[in-house]
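*Asks:* Please find one structure pasted underneath; my questions will follow.
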Amino acid sequence: MLLLTTRFPGLAAIAAAAFLAATALTANAELSVTRGSQTSATTATVSTSSMHDWRYTLRPGETLPQVSQRLLSSGYDAIQLAHYNGIDDPNNSIPGQSISIPVNWLDKRPEPAMALAVSGPVHYVDGASGRRQALTPHTMLHAGDEIVTQTGFTVIQLADGSLVRLGRDSHLIFNRLTRFGKTGMVDTRMRLDRGELDADVEVLIEDGSRFEVDTPSAVAAVRGTAFRLQVRPSVTELQVTEGTVAFGPAGRTVNIPAGFSGTTGQGTQSPVDIRRLPTAPQPSNPLPETAHQLPQELSWPEIAGADRYQVDIFNADTGQWLSREQTTQPALAFNHLDNGRYDIRLAAVDARGMPGMPYKQTFDVAQQAKTATLEKPAADAKLDDEMPSFSWSYNGNNEVARVEIARSSDFSDLIATSEWAPDSNAIPTRPLNPGQYYWRVVTEAGGTSIATSEPRKLMINGTLPPARIINVNYVDSQVRIFWQRIEAADKYQLQLSEDPSFNNIIKEADVADTTAALRLIPGRRYFVRLKALSDGPIAGRWGPGRELFVN
């Protein structure tokens, strides 16, 4: 037997050993074993029909020619299929009749996988070109492609809907991604050279389907299950949380049922060391179905033999692996989550670092932002500082905020803002010119909920900058002048003088635009200047004068 290293107390040891021994024999009788990278190729001892044939039941009115056209690859036809099944007339079929189809006769089509979600730095290597590039969501992955994670995570969806989550510092190679025509069967084979893989595998159809993961020291053959696989130098570890996995060195696999782990490679006492996984934590007060505020705390009774506890958080809609945290205490606070739906997996971790059976829960976060209370500056404050400090107090939890500053009370023309931050004070991102402004605080919770405070009026003391003439055009006796726009100006005052000191003003006017036309007497010299005006208490300054002359 391969299970001598399993330890069970008392009479339970006899029953458990008998059960595991039976599953070990079953593994060699039912599941195929792929070639390991460091061991010779072997296959389990099975009958030819269960290993190579797929059983298909004819539907009412269905004939062998129809089945052949729909399911078989080119080179095989109804006559060959009838002969294989001992049927004299291919057109004479009986509804409900079961026929055998060799798996290698079926139409095989490459079926790419897809990157469902990516967090952090993850790259993939194109198997055809060898080009290395960043992996992004919706990237299609084909046989021969490789995925290399660094500090990031990725979730891969296979053609049959199975999900493969790849952890940090992992290297995965897709050896085969095949669908057998319209049968629904798939043949998925991959190699995990290092790192961690977490899989939820759809139940496989009949005897022709395969889902196998090869590592440098083991192979895992799956028929629909949930499991975790870790590969370290010379050692492969497996934890099965649902279903059964045939696991071990090629040719010496044993069935590992849910609730047990398997370890193979250097340092193991037998081809596969099998141990019972730590039980799943059972929180006394689960998280609410919908959390309207954070943090939320999850606590549970301590698990005997647990060295620490591990929680994984996934986006329930995309499958994205968001984070992994560990704690030595039987409690954990969930904080800083955006609004959305989350899957959590909580497991006890033993002294060897092996995570146990998971407690699973799905919950929604639906935080509502609350309006902040403005503190400083006070309403209608007059300040000399062009970079004033703004402060407020929060009325909600887990919120961030920013200050918005505008010329108008409807904030249709934002002048400046602060950065989004959880702080309760900020300065604008740019200096404020003298003039009148409105300011408010916008709070955000959960990434989607927004609340806006009432606005306050603010005056920045000082003078408007001088208005400078930038161009002069002459047309006959008419002169058109252009000047720069002053941001806080509501209009401009124009003065025309016959002397450069502007002691003798011959024309003065207020202009709303930044251009004006003057008709001058030819042969005489004039001087013009402008000053920005504000409807508020901010004074303007005269810009430099400009000489005008019409021949």
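*Asks:* What strands (runs of 3 or more DSSP E), lying completely within the range 64-119, carry at least 3 residues that are surrounded by 13 or more Cβ atoms within 10 Å (Cβ to Cβ)?
*Replies:* Details: elements: 98-102, 108-110, 113-119.
Output list reads 98-102, 113-119.
*Asks:* Another question about this same structure. Take the range 301-324 and flag every residue that is within 24 Å of Val155 (Cβ to Cβ), aliphatic (A, V, I, L, M) and not in a strand (DSSP E or B).
*Replies:* Answer for the range 301-324, where residues must be within 24 Å of Val155 (Cβ to Cβ), aliphatic (A, V, I, L, M) and not in a strand (DSSP E or B): just Ala316.
*Asks:* Starting from the range 471-488, keep only residues that are without any contact (Cβ under 8 Å) to a residue 24 or more places away in the chain, then list their pairs with residues that are in a loop (DSSP other than H, G, I, E, B) whose Cβ atoms are within a distance under 7 Å, requiring at least 6 positions of separation or different chains.
*Replies:* Partner pairs satisfying both residue conditions: none exist.
*Asks:* Those residues that are part of a loop (DSSP other than H, G, I, E, B) and of a type outside the set (Lys, Arg), I need them from the range 416-433; list them, please.
*Replies:* From the range 416-433, those part of a loop (DSSP other than H, G, I, E, B) are 418-420, 422-424, 427-433; that's our starting set.
Correct list: Ser418, Glu419, Trp420, Pro422, Asp423, Ser424, Ile427, Pro428, Thr429, Pro431, Leu432, Asn433.
For (1) aliphatic (A, V, I, L, M); (2) out of contact with any Asp or Glu (no Cβ under 7 Å at 6 or more places or on another chain), each residue gets a yes or a no:
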residue	(1), (2)
Met357	yes, yes
Gln368	no, yes
Pro377	no, yes
Arg402	no, no
Ile405	yes, yes
Asn433	no, no
Thr443	no, no
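*Asks:* Somewhere in the range 217-225, is a residue among the hydroxyl-bearing types (Ser, Thr, Tyr), buried (at least 20 other Cβ atoms within 10 Å of the Cβ) and either in contact with a helix residue (DSSP H, G or I) (Cβ under 8 Å, 6 or more places away or on another chain) or modelled with pLDDT under 90 (or both)?
*Replies:* Within the range 217-225, the subset among the hydroxyl-bearing types (Ser, Thr, Tyr) is 217, 225.
With the extra rule that they be buried (at least 20 other Cβ atoms within 10 Å of the Cβ), the set shrinks to 217, 225.
Add one more test, that the residue is either in contact with a helix residue (DSSP H, G or I) (Cβ under 8 Å, 6 or more places away or on another chain) or modelled with pLDDT under 90 (or both), and what stays is 217, 225.
Yes, because at least one residue in the range 217-225 is among the hydroxyl-bearing types (Ser, Thr, Tyr), buried (at least 20 other Cβ atoms within 10 Å of the Cβ) and either in contact with a helix residue (DSSP H, G or I) (Cβ under 8 Å, 6 or more places away or on another chain) or modelled with pLDDT under 90 (or both).
*Asks:* Moving on. Determine if the range 146-159 includes at least one residue that is closer than 15 Å to Ala199 by Cα, without any contact (Cβ under 8 Å) to a residue 60 or more places away in the chain and not in a strand (DSSP E or B).
*Replies:* Yes - at least one qualifying residue is present in the range 146-159.
*Asks:* Just one of (1) within 25 Å of Ser119 (Cβ to Cβ); (2) crowded, with 18+ Cβ neighbours inside 10 Å; (3) in contact (Cβ under 8 Å) with a residue 60 or more places away in the chain trips up Pro249, so point out which.
*Replies:* Every condition holds for Pro249 apart from (1).
*Asks:* Just to be sure, is Ala304 farther than 30 Å from Asn398 by Cα, out of contact with any strand residue (DSSP E or B) (no Cβ under 6 Å at 6 or more places or on another chain) and either without any contact (Cβ under 8 Å) to a residue 12 or more places away in the chain or buried (at least 21 other Cβ atoms within 10 Å of the Cβ) (or both)?
*Replies:* On the way: farther than 30 Å from Asn398 by Cα: yes; out of contact with any strand residue (DSSP E or B) (no Cβ under 6 Å at 6 or more places or on another chain): yes; either without any contact (Cβ under 8 Å) to a residue 12 or more places away in the chain or buried (at least 21 other Cβ atoms within 10 Å of the Cβ) (or both): yes.
Yes; evaluated as a whole, the condition is true for this residue.
*Asks:* To continue, here is another question. Report, by residue number, each residue of the range 160-175 that is farther than 21 Å from Thr236 by Cα and part of a strand (DSSP E or B). Break it down into steps so the answer makes sense when it comes.
*Replies:* Within the range 160-175, the first condition is being farther than 21 Å from Thr236 by Cα, and the residues that meet it are 160-162.
Correct list: empty.
*Asks:* Still on this structure: In the range 417-432, how many residues are surrounded by 18 or more Cβ atoms within 10 Å (Cβ to Cβ) and farther than 14 Å from Val400 by Cβ? Before the answer, list the steps.
*Replies:* Going through the range 417-432, the residues surrounded by 18 or more Cβ atoms within 10 Å (Cβ to Cβ) turn out to be 418, 426, 428, 432.
Pick out the ones that are also farther than 14 Å from Val400 by Cβ and you get 428, 432.
Within the range 417-432, residues that are surrounded by 18 or more Cβ atoms within 10 Å (Cβ to Cβ) and farther than 14 Å from Val400 by Cβ number 2.
*Asks:* Checking Thr268 against (1) assigned to a strand (DSSP E or B); (2) modelled with pLDDT under 90, which single condition isn't satisfied?
*Replies:* (1)
*Asks:* What number of residues within the range 120-135 are outside any strand (DSSP E or B) and over 21 Å from Ala316 (Cβ atoms)?
*Replies:* So in the range 120-135, the residues outside any strand (DSSP E or B) come out as 120-121, 126-131, 135.
Add one more test, that the residue is over 21 Å from Ala316 (Cβ atoms), and what stays is 121, 126-131, 135.
Number satisfying all stated conditions: 8.
*Asks:* Go through the range 121-148 and give me each residue that's within 14 Å of Gln320 (Cα to Cα) and among the hydroxyl-bearing types (Ser, Thr, Tyr).
*Replies:* Result: Thr136, single match.
*Asks:* In the range 325-332, is there at least one residue being within 30 Å of Ser217 (Cα to Cα) and either outside the structural domain of Gly152 (by TED's automatic domain parsing) or not in a loop (DSSP other than H, G, I, E, B) (or both)? Show your work before the answer.
*Replies:* If we filter the range 325-332 for residues that are within 30 Å of Ser217 (Cα to Cα), which is where we start, we get 325-326.
With either outside the structural domain of Gly152 (by TED's automatic domain parsing) or not in a loop (DSSP other than H, G, I, E, B) (or both) added as a condition, the list becomes 325-326.
Looking for residues that are within 30 Å of Ser217 (Cα to Cα) and either outside the structural domain of Gly152 (by TED's automatic domain parsing) or not in a loop (DSSP other than H, G, I, E, B) (or both), one finds at least one in the range 325-332, hence yes.
*Asks:* Given the criterion surrounded by 14 or more Cβ atoms within 10 Å (Cβ to Cβ) and at pLDDT below 95, identify the matching residue among Leu383, Leu414, Leu346. It would help to see each step written out before you state the result.
*Replies:* Values: Leu414 fails: surrounded by 14 or more Cβ atoms within 10 Å (Cβ to Cβ); Leu346 fails: at pLDDT below 95.
Checking each option against the conditions leaves just Leu383.
*Asks:* Moving on. Can you tell me how many residues in the range 449-474 are in a loop (DSSP other than H, G, I, E, B), surrounded by 14 or more Cβ atoms within 10 Å (Cβ to Cβ) and under 39 Å from the mean Cα position of the chain (by Cα)?
*Replies:* Going through the range 449-474 one residue at a time, the tally reaches 2.
*Asks:* Would you check if there is a residue in the range 523-539 being β-branched (Val, Ile, Thr), out of contact with any helix residue (DSSP H, G or I) (no Cβ under 7 Å at 6 or more places or on another chain) and either closer than 30 Å to Asn398 by Cβ or surrounded by fewer than 17 Cβ atoms within 10 Å (Cβ to Cβ) (or both)?
*Replies:* Taking the range 523-539 and keeping what is β-branched (Val, Ile, Thr), we get 528, 538.
Cutting the leftovers down to out of contact with any helix residue (DSSP H, G or I) (no Cβ under 7 Å at 6 or more places or on another chain) gives us 528, 538.
The next check asks that each one be either closer than 30 Å to Asn398 by Cβ or surrounded by fewer than 17 Cβ atoms within 10 Å (Cβ to Cβ) (or both); those that pass are none.
No, the range 523-539 has no match at all.
*Asks:* I'd like the full set of residues that are within 21 Å of Glu196 (Cα to Cα) and crowded, with 18+ Cβ neighbours inside 10 Å, limited to the range 351-376.
*Replies:* Keep residues of the range 351-376 that are within 21 Å of Glu196 (Cα to Cα), which gives 351-360.
Hits for the range 351-376 are Met354, Pro355, Gly356, Met357, Pro358, Tyr359.
*Asks:* Show the residue pairs meeting these rules: Cβ distance below 7 Å; 6+ apart or different chains; first residue within the range 74-86 and over 12 Å from Ile99 (Cβ atoms); second residue of a type outside the set (Gly, Ala, Ser) and modelled with pLDDT under 85.
*Replies:* What qualifies is Tyr76/Trp105; Ile79/Pro90.
The values are calculated or read from the model by the stated rules, or taken from the named source; none is laboratory data. Bear in mind the structure is a predicted one, so any value in this text is a computation, not a measurement. Note: ideal-geometry Cβ built from the backbone for every residue, glycine included; neighbour counts use all protein chains shown.
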